[in-house]
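This report concerns only the one structure given below.
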Amino acid sequence: EITLARGTDFSGVDVKQVNVGTIVTIKDKDGKKETYSILGAWDTDLDKGIISYLSNTSKALIGHKVGDEVEVDSEDSDEKRTVVIESIEAYNK
């Protein structure tokens, strides 16, 4: 796989919906906000809020727009939780 890898700067990403190369802020029913940068397959760094587009959270969010309600995996259990997408912006501005 590494021989097929290609670098990207994520420029020109469409921010009308969640995509690879976007920063998305979500809010749950308790008002807790989380912000994720959705990047490449090997870019995961949870301490910095960076998740791979291959993660379950990314897969649930990709294609959705601001205001959409989305079910994502819960951090504390195997259950799903509903979040609202509050904002989408480009990772590389």
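Quick look at the values:
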{"quantity": "DSSP-loop trypsin sites (Lys or Arg not before Pro) across the range 19-48, with at most 13 other Cβ within 10 angstrom", "calculated": "LYS29, LYS32"}
{"quantity": "Rounded to the nearest 10 Å², the accessible area of THR8 at probe 1.4 Å", "calculated": "90"}
{"quantity": "(i) 1.07; (ii) 2.22; (iii) 0.99, with the label sought being that of the calculated Cα Rg over 2.2 N^0.38 Å", "calculated": "(i)"}
{"quantity": "Rounded percent of accessible protein surface that carbon and sulfur make up, the chain, 1.4 Å probe", "calculated": "46"}
{"quantity": "Whichever lysines have a C-alpha closer than 22 Å to that of LYS59, once near sequence neighbours (fewer than 8 apart) are set aside", "calculated": "LYS16, LYS27, LYS29, LYS32, LYS33, LYS48, LYS80"}
{"quantity": "Computed lengthening from THR44 to THR3, 0.36 nm per intervening residue step minus Cα-Cα distance", "calculated": "12.8 nm"}
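The values are calculated or read from the model by the stated rules, or taken from the named source; none is laboratory data. The structure displayed is predicted, hence computed values, not measured ones. Methodologically, a virtual Cβ is constructed for each residue, glycine included, from the backbone with ideal geometry; neighbour enumeration extends over all protein chains shown. Just so you know, the surface numbers come from the protein's heavy atoms only, side chains and all, with ligands and any DNA or RNA stripped out. Shrake-Rupley method; radii C 1.70, N 1.55, O 1.52, S 1.80 Å.
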